[in-house]
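Here the structure comes first, spelled out in structure tokens, and everything after it is commentary.
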Amino acid sequence: LQLIVNITKTGNYNFYMKNTINIRKTHIIKVIFMSESNCDIVQYIVTRLFYMQGKLVYANQGKMSDYELFNRALDLRGTIAITRYGGEGRSKKVRKHYETYPYSWYLPPPDDTYRIPKEDKTGIPPIPAQPIGFEDAERLICELDGDDAPAEWQGSFTCTYRVQSYIFLQQQVNVAYLLKYSANVMGVIRGSLHLQTVFVLYVVYGNHRDSWVHGAIAPSSGTAVMLEITRVLGKMVKEGKWQPRRSIIFGSWGAEEFEMFVLRSTSNIIFLQFSTWLLLLQQHIYENWIQFSNRTSLNYGIYTKVCSVGFLTGAGSDNAAFMHYLGITSMDISYYYDWVCEHIYPAYYTAYDTFDYTTFHYAGFTSHQAVARTAGNVLLRLADSLLLPFNCSDYAESPEQYLSQAWLESSKCSRNITNNITFIFKFTSASLWISQPLKVRQINDQLMLLDRAFLDPLAFPEQYGFRHVIWSSSVPTFPGLADAVEKAESTGLKEDWDQAHKHISIITQAIAGAAHTLDDVI
């Protein structure tokens, strides 16, 4: 496929303060390892060539709520905002300034298809953006001399964070748009049932290999785990020791950072990714963790870590198209030192994410080994089990909890549906006879296709790539209802509350439809 990328054009950008004092040109301050010296400057992937000048303001984490609070007192037109990392995705920090839809994941085929002129493309905000380092950010924020920022906006710098400044700032972002080819590299281990049925089931294990800069940890740690799993399984196949029941596809995605261009397919797939868990698979994952984590060296504390199982939300990685657009059961496997305090390592998306840094941060690669063992055995169970190791009853717990919370926010929403969720989702295969091939096939199909019962192509008309009414790209769950209630609460308009009621109906029908897909029809 072809995609449009932008790279640093001249190798620098400039900040200027009052009296045209140059603050910083883009550069790496200190090279610790030689592997850090041969990279492009860290850049904002989706931005524009632009020169701008205006007053500097501090917008906390760049969330919509931050800008709403700002707009109550200040006019942000013509200003340059500096934001902290976290709280919102990198791209959304800019898009909150200038929303454009749809954010299409598709690009036309090369050569023989009409291309939209670059100047007419949507999805790229028309304002510039550029990541900066700690030292630059400290100098800029500490130069602010307006009113104090709210307490929750204060950060780790030694100065008081303020919301605005009388400093006049100039910003220059130099980028060049190029048309580049990118390829997804695929490998297949054919299962024993591959040619025996028309309705072929695949298990896909994927990881993107492109990175923001060097990417030794993100994504290369995931690539290393996937390559080791393929080496072991490939050796078993070549020696004739093993063949999976279901075919396994390994995918190395080539352009995740540039809008997540991964595999598009209507085949029947379960998707696994190295790097959050889906409720259908949570018990299965936990059992594998307990079984195999004790083989990892105690010296590095992997054994004492508790496997954390949650729900898969977010659309910032390879699972987005599978889960949110195709309704394919997915999971994302990661190792974190401490999710509460330090869930992102310090060199994330910087020029210092190198192999030297990795060997220091993950001495002995024991965490990689633990994840490879867990993910590999999850993959084997999904590929080899007679019955897919899914637990539908777990699906009721989190949706019930979040739906109850959503409806408590509005007394206009009926609680009757909440009381029926657990009943709707209850499912058992106690009467299953393993000797009945059609029965086994029925159960597996019902389990595999459950997530697709929650797809509604008309639920989010402004977001083409999202169709799943339960799991969300941003809020914990029920994206349509959450967004509608938030808007209705802010405006108080009847038509906005009507939209909230509409999404309650969509969710109710989706849950009822999913329950019917689990009915015993044989």
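Observations
- Selection status of residue 177, farther than 25 Å from residue 390 by Cβ and of a type outside the set (D, E, K, R): yes
- Residue within segment 180-201 that is closer than 29 Å to residue 352 by Cβ and among the aliphatic types (A, V, I, L, M) present: yes
- Neighbours by Cβ (under 7 Å, 6+ apart or cross-chain): first from segment 350-371, at pLDDT below 85; second among the acidic types (Asp, Glu): 351/36; 352/36
- Entry remark, segment 368-384: residues being within 16 Å of residue 448 (Cα to Cα) and of a type in the set (A, V, I, L, M) number 4 in total.
- Residues (crowded, with 16+ Cβ neighbours inside 10 Å and not in a loop (DSSP other than H, G, I, E, B)) located in segment 140-151: 140, 141
- Residue 249 vs. criteria at pLDDT 85 or above, assigned to a strand (DSSP E or B) and out of contact with any Pro (no Cβ under 9 Å at 6 or more places or on another chain): yes
- Residue 207 being at pLDDT 80 or above, touching a strand residue (DSSP E or B) at 6+ places or on another chain (Cβ under 7 Å) and surrounded by 15 or more Cβ atoms within 10 Å (Cβ to Cβ): yes
- If you check 154, 170 for being touching a helix residue (DSSP H, G or I) at 6+ places or on another chain (Cβ under 9 Å), surrounded by 13 or more Cβ atoms within 10 Å (Cβ to Cβ), polar (S, T, N, Q) and in the same structural domain as residue 70 (by TED's automatic domain parsing), only one passes: 170.
- Some residue of segment 199-218 being farther than 22 Å from residue 349 by Cα and either assigned to a loop (DSSP other than H, G, I, E, B) or more than 30 Å from the chain's Cα centre (by Cα) (or both): yes
- Residue, nearest to residue 154 (Cα to Cα), within segment 47-63, restricted to residues that are outside any strand (DSSP E or B) and modelled with pLDDT of 75 or more: 60
The values are calculated or read from the model by the stated rules, or taken from the named source; none is laboratory data. Everything numeric here is computed off the predicted structure, so don't read it as measured data. Counting neighbours? That spans all protein chains shown, and the Cβs are built from the backbone with ideal geometry, glycine included.
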